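For reference, the structure discussed in these notes is given below.
The values are calculated or read from the model by the stated rules, or taken from the named source; none is laboratory data. Remember, it's a predicted structure, so these values are computed and weren't measured experimentally. Virtual Cβ from ideal backbone geometry, glycine too; neighbours counted across all protein chains shown. Ligands, DNA and RNA are stripped out before the accessible areas are found, and what is left, the full protein with its side chains, is counted by its heavy atoms. Shrake-Rupley method; radii C 1.70, N 1.55, O 1.52, S 1.80 Å.
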Amino acid sequence: MTQQTRISKTFRWVIVVCIAGATSAYPQTQTKQPSKAAAQAVKGAQAVQAYAEFDARIQDYMIARKTAEGAVPALGTKATAEEITAHKLALGQKIREARPTAKQGDIFTPAVSKRIREFFRVQFKGRTREAKLVRNSLREAEQLKDMRLRVGMEYPEKLPFETVPAGLLRKLPELPKDVQYRLVGHDLVLLDSVAGTVIDFIPEAKP
């Protein structure tokens, strides 16, 4: 998937969030006052900028990741479980070396974190059928307790993942291959699924 396609999908997601927020705030009227319309336009423009920056920072991560991959011997087609684990650990280490100053908020900037929290609040507390489906999906999933997260840490192999509900996942900005969203307690995690490392996270993203 090209960067232009991802940005296009991100912009569509921003429009969905803006519409959801407007619907939640003014559910019983369609009358638009100029001041409110102007404020919504400003908010939308800020959201577009925030998600464009998010996409750019994801691409920066992928460049660093590619450098790390080049320093790790490739896995053979008949790699054993032990070889796969060793490759995963080695890749995670090389990624940490390629991002020595990485910290929480480098990719999930304050601007994009704020908007994702707002979106989650609408989805988790809204009265729409879709919001109810999201809540029901999480009730049926295995709930993980909050754990102390750190950028670059190896996600504990034996700790199960709490996946983001499909209905919610479809509305989050699309990610490159091998990068995934996960929920750990109330935190939204950006995970490198091959290296098994935490790229970034949003504390208290889930209400």
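The table below gives the values:
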read-out: Among 96-105, 68-77, 111-120, the order from most to least packed when residues are scored by Cβ within 10 Å on average; value: 111-120, 96-105, 68-77
read-out: Probe 1.4 Å, all protein chains present, accessible-area order of ASP55, ASP178, largest first; value: ASP178, ASP55
read-out: Out-of-range pairs (alpha-carbon distance over 28 Å; input LYS94/LYS171; LYS36/LYS114; LYS94/LYS177; LYS88/LYS114); value: LYS94/LYS171; LYS88/LYS114
read-out: Charge sum, other residues only, whose C-beta stays under 11 Å from ARG150's C-beta, Lys/Arg counted +1 and Asp/Glu -1; value: +1
read-out: Gain on full stretching of the segment that runs from GLU83 to ALA37 - 0.36 nm per residue minus C-alpha separation; value: 10.8 nm
read-out: Extension gain, LYS66 back to THR163 (0.36 nm per residue minus Cα-Cα distance, nm); value: 32.4 nm
read-out: Added length on full extension, which subtracts the Cα-Cα distance from 0.36 nm per residue, THR128 to LEU149; value: 4.4 nm
